[in-house]
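The values are calculated or read from the model by the stated rules, or taken from the named source; none is laboratory data. Being a predicted model, the structure only gives us computed values, none of them experimental. Because the Cβ atoms are built from the backbone with ideal geometry, glycine has one as well, and the counts that use them run over all protein chains shown.
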Amino acid sequence: MKKINTAVFPVAGLGTRFLPATKAAPKEMLPVVDKPLIQYAVEEAYAAGIRHMVFVTGRNKRAIEDHFDTAYELENELQTQGKQALLDLVRSVQPSDMDCTYVRQSHALGLGHAVLCAEHLTGGAPFAVLLADDLMIGPAGGASVLAQMVQAYERLGNSVIAVQEVPQDQVRRYGIVVGQPDGERLLNISQIVEKPTPEKAPSRMAVAGRYILTNAVYEQIRQQPRGAGGEIQLTDGIAGLLHHERVHAYQYEGKRYDCGSKEGFLEATVELALQHPEVGAGFRDYLRALNVKI
Ligand code: G1P
């Protein structure tokens, strides 16, 4: 079985839900406490053993490339000032055994199209897709969500998609799957649909932004017509894949923050701040003293 060594990060989206913050800055660079969203996703992939990161970018996304590159002036300055801890922190963003590749998605035609832009960079092997908007925190002391999925892929040898149950009134925001239980936390998927209405949704099992996909998904995406919202949907590519291969849904262990929405972003900020080694204790005291009346 081929090892998962490449992760694709679709980061060309406009981030309109965070305007005006995202007018000139990529939404993936918005920080939760002290780290940009995209770095959480890259670290999750790295923790899952992946060393080749492919970013599908667009206009206004230069800051992402700079973030994962050497910051010569900054590093030089920190070195001169003898600020070794900060220098190590800056350098840790880009481990020496990690490669980053960038490809542009020049038209916003949808998530499926974004993934297709990476085809020539995933080497004909199965690959991971991570949507940085979904900030995933694994269980305390346990494996990251993508690492759990890689383990499932290594057992099953087919595509694996992260899922979680959502309330009925939220199904229209997600890809929704139906499947038969097939081992711990696993469903053998029989159906997947993108953003159904609550009336038409075949279940409440929603796709979270983590995928391990076989190379065959590209051919499906190429062949399919436009889907929900007139976009080339990744969900439809996976639906096509089901005619040829097994695909499993994996109910991950951990927590997902929908940082594509302001509410989810705020929840992530508060919860991760409380856990932060430097500011956590002080922030807890601050929240207590705030004594919010609701
Ligand atoms: C995308 C996918 C959807 C998935 C969701 C997870 O939607 O198309 O199937 O459930 O990510 O966050 P988006 O949030 O980009 O509209």
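Does the stretch 74-92 contain at least one residue that is surrounded by fewer than 18 Cβ atoms within 10 Å (Cβ to Cβ), in contact with a strand residue (DSSP E or B) (Cβ under 9 Å, 6 or more places away or on another chain), outside any strand (DSSP E or B) and at pLDDT 95 or above? No, the stretch 74-92 has no match at all.
A quick yes/no check of all residues on (1) under 23 Å from Phe265 (Cα atoms); (2) within 14 Å of the ligand (Cβ to nearest atom):
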residue	(1), (2)
Leu130	yes, yes
Leu135	yes, yes
Ser144	yes, no
Gln148	no, no
Ala152	no, no
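Residue pairs whose Cβ atoms lie under 8 Å apart, separated by 6 or more positions or on different chains, with the first residue in the stretch 116-145 and touching a residue at least 40 places away in the same chain (Cβ under 8 Å) and at negative phi and the second of a type in the set (S, T, N, Q) and within 16 Å of the ligand (Cβ to nearest atom), are Cys117/Gln105; Pro126/Ser159. If the condition is being within 17 Å of Pro126 (Cα to Cα), of a type in the set (Gly, Ala, Ser) and surrounded by fewer than 22 Cβ atoms within 10 Å (Cβ to Cβ), then the stretch 240-257 contributes only Gly240. When Asn215, Asn188, Asn158 are checked against the criterion of being under 16 Å from Ile4 (Cβ atoms) and in contact with a Gly (Cβ under 8 Å, 6 or more places away or on another chain), Asn215 stands alone in meeting it.
Only residues that are hydrophobic (A, V, I, L, M, F, W, C), part of a loop (DSSP other than H, G, I, E, B) and out of contact with any strand residue (DSSP E or B) (no Cβ under 6 Å at 6 or more places or on another chain) were counted in the stretch 36-71, giving 2. The listed residues are Ala125, Ala118, and the only one of them that is at pLDDT 95 or above and crowded, with 18+ Cβ neighbours inside 10 Å turns out to be Ala118. Every listed requirement among (1) exposed (fewer than 15 other Cβ atoms within 10 Å of the Cβ); (2) in a strand (DSSP E or B); (3) not aromatic (Phe, Trp, Tyr) is met by Leu274 save one, (2).
Taking the criterion of being more than 20 Å from Gly209 (Cα to Cα), part of a loop (DSSP other than H, G, I, E, B) and within 16 Å of the ligand (Cβ to nearest atom), would at least one residue in the stretch 18-30 satisfy it? Yes; the residues of the stretch 18-30 include at least one that is more than 20 Å from Gly209 (Cα to Cα), part of a loop (DSSP other than H, G, I, E, B) and within 16 Å of the ligand (Cβ to nearest atom). For the stretch 137-177, filtered to residues that are in a strand (DSSP E or B) and touching a Phe, Trp or Tyr at 6+ places or on another chain (Cβ under 9 Å), the residue that is surrounded by the most Cβ atoms within 10 Å (Cβ to Cβ) is Val160.
Being crowded, with 22+ Cβ neighbours inside 10 Å and either in contact with a helix residue (DSSP H, G or I) (Cβ under 6 Å, 6 or more places away or on another chain) or not in a loop (DSSP other than H, G, I, E, B) (or both), is that true of even one residue in the stretch 178-188? No; the residues of the stretch 178-188 include none that is crowded, with 22+ Cβ neighbours inside 10 Å and either in contact with a helix residue (DSSP H, G or I) (Cβ under 6 Å, 6 or more places away or on another chain) or not in a loop (DSSP other than H, G, I, E, B) (or both). Of the set (1) within 17 Å of the chain's Cα centre (by Cα); (2) among the hydrophobic types (A, V, I, L, M, F, W, C); (3) buried (at least 16 other Cβ atoms within 10 Å of the Cβ); (4) more than 16 Å from the ligand (Cβ to nearest atom), all apply to Val8 but (4). Select from the stretch 201-231 the residues that are among the charged types (D, E, K, R) and within 15 Å of the ligand (Cβ to nearest atom) and write down the one among them that is surrounded by the fewest Cβ atoms within 10 Å (Cβ to Cβ). Per the criteria, the residue is Arg226. Is one or more of the residues making up the stretch 242-251 within 22 Å of Val11 (Cα to Cα) and in contact (Cβ under 8 Å) with a residue 40 or more places away in the chain? No - not one qualifying residue is present in the stretch 242-251.
Sub-6 Å Cβ pairs linking a first residue in the stretch 257-279 that is under 18 Å from Val145 (Cα atoms) to a second residue that is away from the ligand (no atom under 13 Å from the Cβ) and modelled with pLDDT of 95 or more, at least 6 apart or interchain, are Tyr257/Glu267; Tyr257/Ala268; Cys259/Phe265; Cys259/Ala268; Ala268/Val32; Leu272/Val32; Leu272/Val33, ordered by first then second residue.
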